[in-house]
Amino acid sequence: MLTFVIRRLLVTIPMLLVISFLVYLGLELTPGDAVSHMIDPESASRMSEEEFAALREALGLNKSFIQRYGIWLTNVVQGNFGHSLSGGVAISTIVFDRLPATLELSVFALVFSTIFGCILGTISALHRGSTTDSSLTVFGMIGVSIPEFFFGLVAILIFALHFDWLPVGGRLLPGYTSYFDHLPNIILPGLVLSMMMTAGVMRYSRSAMLDSLSREFIRTARSKGLPDWRINLVHGFRVALTPVVVLIGFRLPTLIGGSVIIEEVFQWPGIGSEFIEAVRGADYPLVMFIALLSVFAVLMASLIVDVLTALIDPRVRLN
Amino acid sequence: MGHAALNRKFDRIRAREEAGLNKPQSGNRALRKLLSNPLAVAGLVIFAIILLASIFAPFLTPNDPQAINLRAMLNAPSAEHWFGTDRTGRDVFARVLYGGRVSILVGLGSALLAAVVGVGIGAYTGYRGGWLDTIALRVSEIFMSFPQIILVLLLVSIIGQSLINLIIIFVLTGWGSMYRMTRARMLSLREEEYVQALQSFGVPTVKICYKHILPNALGPIMVNITLTTAMFILAEAGLSFLGLGVPLSIPTWGNILNVAKDIRVLENNWWMWLPVGLVISLFVLSVNFIGDGLRDSTDPTLQG
């Protein structure tokens, strides 16, 4: 098992390096450099060429591209992620400020959508072909067809503006101090994100459950005279859970990126809305770091999924 | 079933055929199956209506989507303006119709281009194998290591915002899954006996893989194209909503819906965002219905 994990890690690290190099190269090709972003046009027009050159040299921009990439990489490995171009805040500070909000929202949505999706998917599979099944399927498809921000806006309109039951968004309003004070704030964005994610889990668990129910061991269980609920839940659902676990594993990256758009709609101060700000403001160091962080999350999630499937299915390990 | 029973069964079938009850079915089997699926038919109808309404927009509305009319700002829907007017008096109905042209072009066009790129590469490298296959696989892995929205936004920040760039970005983010799927199909299909027969006849490699093997992988490719179209239309709307998609001067569904970011518009001027939101949802739903129907009718593992 350990060798399997190590082997997978050995594939993952070069991948991260190549991707970081490509992203660095891509952002290098964009017009302008750090100096042109740091200095507003008015003061830039008053500066001489020598002053520019001195500034570039001070920032290390006169070094070759490969050298700069090398320096950046060494810094990142040592835990120094650089500074945001707007405001000059350390990127690590920004990420640590924003990550808890994103984690909160995504964990909420991940837990809720998994529970809800599994229940609905199982019901759907057990009543295959019934009206319940087909209406759940249609609802699921409607769920994946509505733009998430549109759904979010309608939710804001109904629950926050019309009935005034829940706050529109944001996380810690002034005056709120304890952790539980902002509980009402997460309900709306959390539920909207969960609803969008439930459809996928439902669909997946339905087909996994159907597959599992058609196996021989179900017939064996039935022939033993076990009660229906036991056959369905203990024998059927347990096996159906494996592919669902895989699906959830692939959703883990949302823990980092959050749902970028949902965060923006609800003004949720997470990594996703920070990323959008960075893209809008051409804050390349921040764009690059968040993008790489999300790649890291994807690669780690797929590693975890592989390890889990290897644990469950020994055939994978031997390959 | 005993021999005699089987014979009786065949006799019955033959009798029915002679009586003209069992018509030999004509046409493509998958198409017939698709057309017997009520959801897929509903999808096709909605898809056709919205597509045709966008294409023939000039015949459906006399209004210019870009014409500013300061005498008719923020008008509620009326006989003259079916979906009302926006803040500068532009007719929302006309904007939704003309916006559909761009949104559908971006969604469907990018999905088709992504399919050409992904399937084109996947079919050849999957069939040939070797170092070319390894390189293509690694490149696709790089693209697929990003969460989709993050990659799209990253590329927007690298190559900038425009209609063409958006299509390029969607192709770059969408070709990977097409490539993966085609490659996987090719890997199993290239072991078939008919392929060995073609090889032994000396048929050129390119001809074997594109003309003889590829058609056998068309079902899943078509399903993938429809689902990718749905995804891209949602992505365009989302990006335009963030103000990072198609430049605001061009009406698209996402750009029209963008106004709902303003809470006052959201609360007071429902006609500016609700109809277009419903049109996007209906269109994507119809594409998903078609895709689902196609999957049921072409995937042999889902029969019955």
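Computed from the coordinates by the stated procedures, all read-outs in this text should not be read as laboratory data. Predicted, not measured: the structure shown is a model, and the values here were computed from it. Positions of Cβ are generated from backbone atoms using ideal geometry, with glycine treated the same way; all protein chains shown enter the neighbour counts.
Averaged over the residues of peptide B:37-45, the number of Cβ atoms from other protein chains lying within 10 Å of each residue's Cβ is 1. Remark on the stretch A:54-162: ratio of C-alpha radius of gyration to 2.2 N^0.38 Å is 1.85.
Percent relative contact order of chain B, based on C-alpha pairs within less than 8 angstrom and at least six residues apart?
Working: 400 pairs, mean separation 74.9, N = 304.
Relative CO of chain B lands at 25 percent.
What ranking do B:L108, A:L161 get, fewest neighbouring Cβ atoms within 10 angstrom at the top? Could the numbers behind the result be given before it?
Details: B:L108 18, A:L161 12.
Ranked by crowding around the Cβ, least crowded first: A:L161, B:L108.
Seen against the Cα atoms of chain B and their longest principal axis, helix B:3-18 is set at about 50 degrees. Between the Cα long axis of helix B:130-144 and the first principal axis of chain B there is an angle of about 30°, rounded to the nearest 10.
Let me have the relative contact order for the stretch B:162-229, percent, based on Cα pairs under 8 Å that are six or more residues apart.
Numbers: 21 pairs, mean separation 26.0, N = 68.
Once normalised by length, the contact order is 38 percent.
Residue by residue along B:154-163, Cβ atoms of other protein chains within 10 Å of the local Cβ number 5 on average.
Let me confirm one metric for peptide A:294-307, namely the mean number of other chain beta-carbon atoms within 10 Å of its residues' beta-carbons. Let's see the in-between values first.
On the way: counts 7, 7, 1, 3, 5, 2, 0, 1, 3, 0, 0, 0, 0, 0.
For peptide A:294-307, the averaged partner shielding equals 2.
Entry for the stretch B:115-170 at q = 0.26, 0.30 Å⁻¹: log10 I(q)/I(0) = -1.00, -1.10, Debye formula applied to identical alpha-carbon scatterers, no solvent contribution. Straight-line cross-link reach from B:K33 at under 27 Å between alpha-carbon atoms covers these lysines, not counting any fewer than eight positions away in the same chain: B:K9, B:K23, B:K211. Counting only aspartates and glutamates at least 8 places from A:K224 when in the same chain, those with an alpha carbon closer than 13 Å to its own are A:E216.
Under the classification rounded if a/c is under 1.5, otherwise prolate if a/b is larger than b/c and oblate if not, where does the stretch B:183-281 fall, given a ≥ b ≥ c as square roots of the Cα gyration tensor eigenvalues?
Working: a/c = 5.57, a/b = 4.11, b/c = 1.36.
In terms of gyration-tensor shape, prolate.
Just to confirm a number: summing +1 for Lys and Arg and -1 for Asp and Glu over residues other than A:R222 whose beta-carbon lies under 12 angstrom from that of A:R222, what do you get?
Details: positive: A:R215, A:R219, A:K224, A:R230; negative: A:E216, A:D228.
So the surrounding residues net to +2.
Cut-off is 10 Å between beta-carbons; in what order do B:D296, A:D164 appear when sorted fewest neighbours first? Don't skip to the answer; put the middle values down first.
Working: B:D296 17, A:D164 9.
Fewest to most other Cβ atoms nearby, the residues stand as A:D164, B:D296.
For the protein assembly as shown, the direction-averaged projected area of the alpha-carbon convex hull comes to 39.8 nm². With the cut-off at 1.5 for a/c, could you classify chain B from its C-alpha gyration tensor as rounded, prolate or oblate? Cα axes put chain B in the oblate bin.
Only DSSP H runs of four or more residues enter the estimate; each adds -39500 (n - 2.57), and after division by the residues of chain B the mean residue ellipticity at 222 nm equals -22500 deg cm²/dmol.
Remark: the stretch B:35-42, residue by residue, has Karplus-estimated 3J(HN,Hα) of 6, 8, 8, x, 5, 5, 5, 4 Hz, where x stands for each Gly or Pro and the curve is 6.51 cos²θ - 1.76 cosθ + 1.60 at θ = phi - 60°.
Give the order of A:I94, B:I164 when sorted by the count of other beta carbons within 10 angstrom, beginning with the fewest.
Numbers: A:I94 22, B:I164 8.
Neighbour counts put them in this order, fewest first: B:I164, A:I94.
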